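Okay, so here's the structure we're looking at.
The values are calculated or read from the model by the stated rules, or taken from the named source; none is laboratory data. This is a predicted model, so every value here is computed, not measured. As a convention, Cβ positions derive from the backbone with ideal geometry for all residues, glycine included, and neighbour counts pool all protein chains shown.
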There are 2 protein chains.
Amino acid sequence: MDSSLLEKLAARQAGICFYGMAPPKAATPAGELPGIVTRQLERLGPLRLDGLIVYDIQDEGERIAAPRPFPFLPTLDPETYAHSHLAELHLPKVVYRCVNRDTPQTFGRWLDDVDRSSSPRLAVLVGAPSQSARIGLSLTDAYAAARERARNLILGGIAIAERHSRRQDEHLRILAKTAEGCRFFVTQAVYDVTATKSLLSDYAVALRERGEAPVPIILTFSPCGSEKTLAFMKWLGIHFPRWLENDLRLAPDPLASSLALCESIFAEVWDYARDHRVPLGINVESVSIRKAEIEASLELLRRLQRRMGT
Amino acid sequence: MDSSLLEKLAARQAGICFYGMAPPKAATPAGELPGIVTRQLERLGPLRLDGLIVYDIQDEGERIAAPRPFPFLPTLDPETYAHSHLAELHLPKVVYRCVNRDTPQTFGRWLDDVDRSSSPRLAVLVGAPSQSARIGLSLTDAYAAARERARNLILGGIAIAERHSRRQDEHLRILAKTAEGCRFFVTQAVYDVTATKSLLSDYAVALRERGEAPVPIILTFSPCGSEKTLAFMKWLGIHFPRWLENDLRLAPDPLASSLALCESIFAEVWDYARDHRVPLGINVESVSIRKAEIEASLELLRRLQRRMGT
């Protein structure tokens, strides 16, 4: 594995750059899979990335009463997709794993597999989407098992600014998860600049009080080029300030507008985090599978890289 | 009266510039009043203002359960203070009037006085601070009486972005009050850029749907140089985003920081409103009577005037 990501994480450096994607649907006909993989290698190969994030998509139907704008379709196993199908892509893979679907046994077997790997492995463990949806392993138990059984596993966590707006404690979750072993955090798509700055601010204040150093916070950015994508992102829990939603809805070219908005949000948060000494990175994704939105995400990645000077 | 403010209001122009202040306390010893008036004339005289706003301070104790950080002290009558004590200040006076303290008779007598005035008079009518505090005239009845009895009365209204965050209908109140005769609106102190942009956005969208033209929205800015001022402004209902509150609390020089924050908030909202064709103006005030904060408000006024190019 390219060691530069590990070095950047160890040095808690700003500027880490990921692209994020979900694996293809599990129902993808076997004959179509090589074509999909080839297209993804072509897209991702030329990008100057520190790593590829591969999501583990859950049916979050229990989290929210509103109907899901797109139906939930199970995907291929993210671990297999990242390490086998995309083996040719010579980039560190950060694989998400919903431990809510694990038992101590299945999670233990996975840790043993990781431990047998010759190189470090990166993962983000994801808990239940809601308290009531909890059926499997808890995040705390999963972190404890990981610390004990797989020393070469490098863990990241999830940080949600929208949750901070409601409960004002997301910075404490970041600190607790850091104590449990997380070395970086990935947000959901950032459209609420105030919530994001407030989370970073409370994190910086708490670090100062404790005399601790920050870990990299990876901000996710995702183009939003249609009403349908907007509805889906809102369903996922991403908050759009009212003015921004109006501007997107009324824009002659919503996709171009969303890119400009993401870029200006990033610039504001980047400057703020630099002044408050929190190292930021980026993760760019497309929640839509429309070609235009995927290509816009690649363009957004290049623009944010320019902004970071990487 | 200098006609330029009236012309700007008639033309619904951007760039109107007010300074806002409360009259001295009613308990001010008569001997001290001339000195206070002289100092205010010296302060306000050199400023390039379109008008002076004189507030009518209510005891808003019923609006909120938390104790008031500063005790409520009744002031001199704003009408008398604006037109008699400050008669030498050759500026249009915009006088606030809490109609909640009026009966139809007292309000009618005031309208008759206004109507006898040889020149136009400007006022902002203020309703009860909360539903439960309603004892006197309603705003709707006051507007109706004003339309009927005082043709030379030019009315402004109050617009509160924080209320828009909670209820999403402040733009509809602005439109309704415009239909009732208001020709401009004054906000409370702006520290929440998102709420302010969202209100302006919904206002612009609604105007476009109705084919109506906007009236000037006067944004109030107020320095915040101490924990005590911050507590008081929060008590008044002004929302500070968490990050901004942290930055103010931890700033080596909170007063200087608050000026820089106000200036950058203004720049962002000004650009946004220009792009969405809503004419903005400013009203600068100090909620504190500390000399440093009052002087900072004058400095802030000059900076915002430079930003507006006025």
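Structure summary
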| item | result |
| --- | --- |
| Residue that is nearest to the other protein chains (Cβ to nearest Cβ) [pool: residues in segment A:233-249 that are under 19 Å from A:T220 (Cα atoms) and charged (D, E, K, R)] | A:E245 |
| A:I16 touching a Gly at 6+ places or on another chain (Cβ under 6 Å) and at pLDDT 95 or above | yes |
| Count - residues of segment A:177-199 that are more than 14 Å from every other protein chain (Cβ to nearest Cβ) and either more than 16 Å from the chain's Cα centre (by Cα) or under 26 Å from A:A144 (Cα atoms) (or both) | 12 |
| Residue count for segment A:263-284, restricted to those that are of a type outside the set (A, V, I, L, M), touching a helix residue (DSSP H, G or I) at 6+ places or on another chain (Cβ under 6 Å) and within 21 Å of A:F184 (Cβ to Cβ) | 3 |
| Residue in segment A:252-262 that is within 30 Å of B:E209 (Cα to Cα), modelled with pLDDT of 95 or more, aliphatic (A, V, I, L, M) and touching a Gly at 6+ places or on another chain (Cβ under 7 Å) present | yes |
| Hits in segment A:77-91 - residues which are of a type outside the set (D, E, K, R), within 23 Å of A:G127 (Cβ to Cβ) and crowded, with 20+ Cβ neighbours inside 10 Å | A:P78, A:Y81, A:A82 |
| Answer residue from segment A:37-57, given it is touching a helix residue (DSSP H, G or I) at 6+ places or on another chain (Cβ under 7 Å) and not in a strand (DSSP E or B) and is surrounded by the fewest Cβ atoms within 10 Å (Cβ to Cβ) among those | A:R48 |
| Residue within segment B:89-98 that is assigned to a helix (DSSP H, G or I), within 28 Å of B:S4 (Cα to Cα), modelled with pLDDT of 90 or more and not polar (S, T, N, Q) present | no |
| Condition check for A:P279: away from every other protein chain (no Cβ under 14 Å), in contact with a Ser or Thr (Cβ under 9 Å, 6 or more places away or on another chain) and at negative phi | no |
| B:I174 vs. criteria among the β-branched types (V, I, T) and closer than 18 Å to B:Y55 by Cα | no |
| Identity of the residue in segment B:100-154, part of a loop (DSSP other than H, G, I, E, B) and of a type in the set (D, E, K, R), that ends up modelled with the lowest pLDDT | B:R134 |
| Positions within segment B:103-146 being touching a Phe, Trp or Tyr at 6+ places or on another chain (Cβ under 9 Å) and of a type outside the set (A, V, I, L, M), in sequence order | B:G136, B:D141 |
| Total residues in segment B:180-204, condition hydroxyl-bearing (S, T, Y), closer than 14 Å to B:A159 by Cα and in contact with a Lys or Arg (Cβ under 9 Å, 6 or more places away or on another chain) | 2 |
| Counted residues, segment B:236-272 - those being surrounded by fewer than 17 Cβ atoms within 10 Å (Cβ to Cβ), farther than 25 Å from B:S201 by Cα and among the hydrophobic types (A, V, I, L, M, F, W, C) | 3 |
| Yes/no for A:L304 being among the hydrophobic types (A, V, I, L, M, F, W, C) and in contact (Cβ under 8 Å) with a residue 12 or more places away in the chain | yes |
| Qualifying residue in segment A:216-230 (condition: more than 14 Å from every other protein chain (Cβ to nearest Cβ), part of a helix (DSSP H, G or I) and crowded, with 17+ Cβ neighbours inside 10 Å) | yes |
| Test: residue in segment B:151-167 that is in contact (Cβ under 8 Å) with a residue 12 or more places away in the chain and farther than 27 Å from B:F221 by Cα | yes |
| Breaking point among (1) touching a residue at least 12 places away in the same chain (Cβ under 8 Å); (2) under 21 Å from the mean Cα position of the chain (by Cα); (3) under 23 Å from A:H239 (Cα atoms), for A:S138 | (3) |
| Residue within segment B:27-47 that is closer than 26 Å to B:E148 by Cβ and modelled with pLDDT of 95 or more present | no |
| Scan of segment A:106-156 for residues that are in contact with a Cys (Cβ under 7 Å, 6 or more places away or on another chain) and closer than 21 Å to A:A10 by Cβ, ordered by number | A:L155, A:G156 |
| Where B:R173 falls short, out of the listed (1) surrounded by 14 or more Cβ atoms within 10 Å (Cβ to Cβ); (2) of a type outside the set (F, W, Y); (3) touching a residue at least 24 places away in the same chain (Cβ under 8 Å) | (3) |
| Filtered residues of segment A:155-176 (kept if assigned to a helix (DSSP H, G or I) and within 14 Å of chain B (Cβ to nearest Cβ)) | A:A161, A:E162, A:R163, A:H164, A:S165, A:R166, A:R167, A:E170, A:H171, A:L172 |
| Listing of helices (runs of 4 or more DSSP H) fully contained in segment A:237-310 that carry 2 or more residues being basic (K, R) | A:242-250, A:291-308 |
| Residue count for segment A:250-270, restricted to those that are more than 11 Å from every other protein chain (Cβ to nearest Cβ) and free of Cβ contacts under 8 Å to residues at least 60 places away in the same chain | 13 |
| Whichever residue in segment A:71-87 is over 20 Å from the mean Cα position of the chain (by Cα) and assigned to a loop (DSSP other than H, G, I, E, B) and, among such residues, is modelled with the highest pLDDT | A:A87 |
| For B:D202: the one exception among (1) of a type in the set (D, E); (2) in a helix (DSSP H, G or I); (3) away from chain A (no Cβ under 12 Å) | (3) |
| Scan of segment B:205-215 for residues that are within 14 Å of chain A (Cβ to nearest Cβ) and surrounded by 18 or more Cβ atoms within 10 Å (Cβ to Cβ), ordered by number | B:V205, B:L207 |
